Amino acid sequence: MSSPFRKATSMGELEVEKHANYILSVEKKKDDFESVVMEHLRINGAYWGLTTLDLLGKIDEVNSEEVVSWVMKCQHESGGFGGNIGHDPHLLYTLSAIQVLALFDKTNILDIDKVSNYIAGLQNEDGSFSGDMWGEVDTRFSYIAICSLALLHHLNKINVDKAVKYIVSCKNLDGGFGCTPGAESHAGQIFCCVGALAITGSLHHIDKNLLGWWLCERQVKSGGLNGRPEKLPDVCYSWWVLSSLIIIDRVHWIDKEKLVKYILDCQDKEKGGISDRPDDAVDVFHTYFGVAGLSLLEYPGLKAIDPAYALPVDVVNRIFFGR
Ligand SMILES: COc1ccc(S(=O)(=O)N2Cc3cc(C#N)ccc3N(Cc3cncn3C)C[C@H]2Cc2ccccc2)cc1
Ligand SMILES: [Zn+2]
């Protein structure tokens with residue numbers, strides 16, 4: 001893949017120090033509006049913030065013991081994790097907990113049978129997954145269950161064939177995927193389905209040219225990517241669309257240099273952080289997806305991120321190859 005770095009310098013720089021300080025400052029703030037809004041998904045925020053720091057080569061500035069002990073306090077007696085201490089468990093937060101522990105090479109402190117039994121217990125008869133005991137079904141939860149169990153080496157606890165069949169039943173005529181069978185194609189769901197099929201070695205179910213065409217059509221003239229036709233571009237789609245394109249080997253169908261420029265234009269160069277669109281308010285979510293998108297585009301100085309596991313490649317290698 002031809003790296004766009006030679007032009008990135010002329011399009012302005014990635015403000016590495018500013019973004020690292022922004023993430024570290026959000027970590028410290030507890031009672032401002034943003035922290036309160038995010039209180040119910042604080043563990044997701046920890047995953048977004050810490051993965052960003054790792055990609056920037058700054059994760060050593062974090063007290064890992066403090067983070068790991070806080071994450072473990074979010075575990076429910078069922079084995080699942082809540083979004084914060086004392087919150088009800090949900091697949092959305094359980095994957096983030098596993099990913100944060102993986103960043104610090106601490107998945108070994110988990111009772112792996114307990115966590116994987118919680119996840120496996122959410123698989124339905126038709127192979128789909130519910131997010132929690134209340135039963136909402138969504139292909140997002142298929143991805144989260146498969147990604148979590150793969151990271152824990154316990155994919156054998158679920159019926160992978162039925163899980164794959166269910167995901168394929170959510171494929172649309174446009175080559176994309178929706179949250180349930182017949183639901184409209186959306187970039188977020190496409191990432192989840194493509195990522196889950198990649199992890200289970202089932203990419204042969206995808207029409208790469210048809211899906212690649214739908215995905216590359218997400219690029220608008222500003223260089224940004226949107227999530228559905230006619231929608232505005234948004235930095236977080238630099239992850240949902242781009243990682244899917246990379247997994248199906250069609251990333252050369254978009255203009256990488258223009259996407260790099262779009263992401264760099266969404267930075268707050270003074271205070272740090274990245275927003276969804278230029279001049280909007282920054283947040284941890286879009287800072288993560290912007291840096292992760294630049295990592296997928298091989299921006300110089302960033303660690304490589306795995307497009308399916310959404311973790312730095314060195315972390316994935318350590319988990320699967322022990323090095
Ligand atoms: C500020 O209003 C919001 C609105 C919703 C949410 S949310 O439901 O918790 N959530 C996570 C999220 C976190 C932040 C941050 N910090 C900002 C936004 C954002 N969105 C909203 C969004 C992002 N791009 C466009 N849109 C509309 C996604 C959403 C769903 C999601 C959750 C987990 C993983 C992926 C996606 C939080 C804040
Ligand atoms: Zn967004």
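The values are calculated or read from the model by the stated rules, or taken from the named source; none is laboratory data. Not measured: the values here are computed from a predicted model. Here Cβ is always computed from backbone atoms with ideal geometry, including for glycine, and neighbour counts include all displayed protein chains. For accessibility, only protein heavy atoms count, side chains too; no ligands or nucleic acids. Shrake-Rupley method; radii C 1.70, N 1.55, O 1.52, S 1.80 Å.
Which one of these does residue 202 not meet: (1) at pLDDT 95 or above; (2) closer than 25 Å to residue 37 by Cα; (3) surrounded by fewer than 21 Cβ atoms within 10 Å (Cβ to Cβ); (4) not aliphatic (A, V, I, L, M)?
(2)
Inspect segment 127-135 for any residue being open to solvent by less than 20 Å² (accessible area, probe 1.4 Å), within 21 Å of the chain's Cα centre (by Cα), farther than 21 Å from residue 201 by Cα and not basic (Lys, Arg) and give the result as yes or no.
Residues of segment 127-135 that are open to solvent by less than 20 Å² (accessible area, probe 1.4 Å), as a first pass: 127-131.
Keeping just the survivors that are within 21 Å of the chain's Cα centre (by Cα) gives 128-131.
Going one step further and asking which of them are farther than 21 Å from residue 201 by Cα, we end up with 130-131.
Retained after the next criterion (residues that are not basic (Lys, Arg)): 130-131.
Checked against the condition, which is being open to solvent by less than 20 Å² (accessible area, probe 1.4 Å), within 21 Å of the chain's Cα centre (by Cα), farther than 21 Å from residue 201 by Cα and not basic (Lys, Arg), segment 127-135 yields at least one hit.
Given the conditions (1) open to solvent by 70 Å² or more (accessible area, probe 1.4 Å); (2) touching a Ser or Thr at 6+ places or on another chain (Cβ under 8 Å), report the number of the one that residue 155 does not fulfil.
Of (1) open to solvent by 70 Å² or more (accessible area, probe 1.4 Å); (2) touching a Ser or Thr at 6+ places or on another chain (Cβ under 8 Å), only one is false for residue 155: (1).
Within segment 5-12, can one find any residue that is modelled with pLDDT of 95 or more and open to solvent by less than 60 Å² (accessible area, probe 1.4 Å)? Explain how you work it out, then say what you get.
Restricting attention to segment 5-12, the residues satisfying the condition of being modelled with pLDDT of 95 or more are none.
Checking segment 5-12: not a single residue is modelled with pLDDT of 95 or more and open to solvent by less than 60 Å² (accessible area, probe 1.4 Å).
Taking residue 31 and the conditions (1) modelled with pLDDT under 95; (2) surrounded by 14 or more Cβ atoms within 10 Å (Cβ to Cβ), which numbered condition does it fall short on, given that it satisfies the others?
With respect to (1) modelled with pLDDT under 95; (2) surrounded by 14 or more Cβ atoms within 10 Å (Cβ to Cβ), residue 31 is out only on (2).
Working only within segment 101-117, note down all residues that are farther than 21 Å from residue 59 by Cα, of a type outside the set (D, E, K, R) and open to solvent by 30 Å² or more (accessible area, probe 1.4 Å).
112, 117
Do any helices (runs of 4 or more DSSP H) lying entirely in segment 60-136 carry at least 3 residues that are within 16 Å of ligand 1 (Cβ to nearest atom), and which ones are they? So that I can check it myself, show each step before the final result.
Details: elements: 64-73, 91-103, 112-120.
In segment 60-136, 91-103 are the helices (runs of 4 or more DSSP H) which contain 3 or more residues that are within 16 Å of ligand 1 (Cβ to nearest atom).
Give me the pairs, please: first residue somewhere in segment 49-72 and free of Cβ contacts under 8 Å to residues at least 40 places away in the same chain, second residue anywhere and outside any helix (DSSP H, G or I) and among the aliphatic types (A, V, I, L, M), beta-carbon distance under 7 Å, and either six or more positions apart or on two chains.
The qualifying pairs are 53/62.
Considering segment 144-160 alone, what residues qualify as being assigned to a helix (DSSP H, G or I) and in contact (Cβ under 8 Å) with a residue 24 or more places away in the chain? Full working, then the answer.
Here is the first cut: in segment 144-160, the residues assigned to a helix (DSSP H, G or I) are 144-151, 155-157, 160.
Matches in segment 144-160: 144, 145, 146, 147, 148, 149, 150, 151, 155, 157, 160.
Look at residue 227 and say whether it is in contact with a Lys or Arg (Cβ under 8 Å, 6 or more places away or on another chain), within 16 Å of ligand 1 (Cβ to nearest atom), closer than 19 Å to residue 26 by Cα and open to solvent by less than 10 Å² (accessible area, probe 1.4 Å).
Numbers: in contact with a Lys or Arg (Cβ under 8 Å, 6 or more places away or on another chain): yes; within 16 Å of ligand 1 (Cβ to nearest atom): yes; closer than 19 Å to residue 26 by Cα: no; open to solvent by less than 10 Å² (accessible area, probe 1.4 Å): yes.
So residue 227 fails the test.
Taking the condition of being more than 16 Å from ligand 2 (Cβ to nearest atom), under 30 Å from residue 158 (Cβ atoms) and either among the aromatic types (Phe, Trp, Tyr) or in a loop (DSSP other than H, G, I, E, B) (or both), how many residues in segment 196-239 meet it?
6
Restricting attention to segment 161-195, which residues are open to solvent by 20 Å² or more (accessible area, probe 1.4 Å), touching a strand residue (DSSP E or B) at 6+ places or on another chain (Cβ under 8 Å) and in a helix (DSSP H, G or I)?
Matches in segment 161-195: 162, 189.
Here's the yes/no breakdown for (1) over 26 Å from residue 108 (Cβ atoms); (2) at pLDDT 95 or above; (3) not aromatic (Phe, Trp, Tyr):
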{"residue": "141", "(1), (2), (3)": "no, yes, no"}
{"residue": "152", "(1), (2), (3)": "no, yes, yes"}
{"residue": "158", "(1), (2), (3)": "no, yes, yes"}
{"residue": "164", "(1), (2), (3)": "yes, yes, yes"}
{"residue": "168", "(1), (2), (3)": "yes, yes, yes"}
{"residue": "174", "(1), (2), (3)": "yes, yes, yes"}
{"residue": "177", "(1), (2), (3)": "yes, yes, no"}
{"residue": "180", "(1), (2), (3)": "yes, yes, yes"}
{"residue": "184", "(1), (2), (3)": "yes, yes, yes"}
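Give the residues of segment 208-221 that are open to solvent by 10 Å² or more (accessible area, probe 1.4 Å) and away from ligand 1 (no atom under 16 Å from the Cβ), sorted by residue number.
208, 209, 210, 213, 214, 216, 217, 219, 221
For segment 230-255, which positions are open to solvent by 60 Å² or more (accessible area, probe 1.4 Å) and within 16 Å of ligand 1 (Cβ to nearest atom)?
Listed by number, the residues that qualify are 230, 231, 232.
Within segment 122-143, count every residue that is under 30 Å from residue 322 (Cβ atoms) and free of Cβ contacts under 8 Å to residues at least 12 places away in the same chain.
Residues meeting the conditions: 0.
Listed here are the residues, each with its yes/no results for (1) crowded, with 18+ Cβ neighbours inside 10 Å; (2) away from ligand 2 (no atom under 16 Å from the Cβ); (3) of a type in the set (Gly, Ala, Ser); (4) not in a loop (DSSP other than H, G, I, E, B).
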{"residue": "264", "(1), (2), (3), (4)": "yes, yes, no, yes"}
{"residue": "271", "(1), (2), (3), (4)": "no, yes, no, no"}
{"residue": "280", "(1), (2), (3), (4)": "no, no, no, no"}
{"residue": "289", "(1), (2), (3), (4)": "yes, no, no, yes"}
{"residue": "298", "(1), (2), (3), (4)": "no, yes, no, no"}
{"residue": "308", "(1), (2), (3), (4)": "yes, yes, yes, no"}
{"residue": "315", "(1), (2), (3), (4)": "yes, yes, no, yes"}
{"residue": "323", "(1), (2), (3), (4)": "no, yes, no, no"}
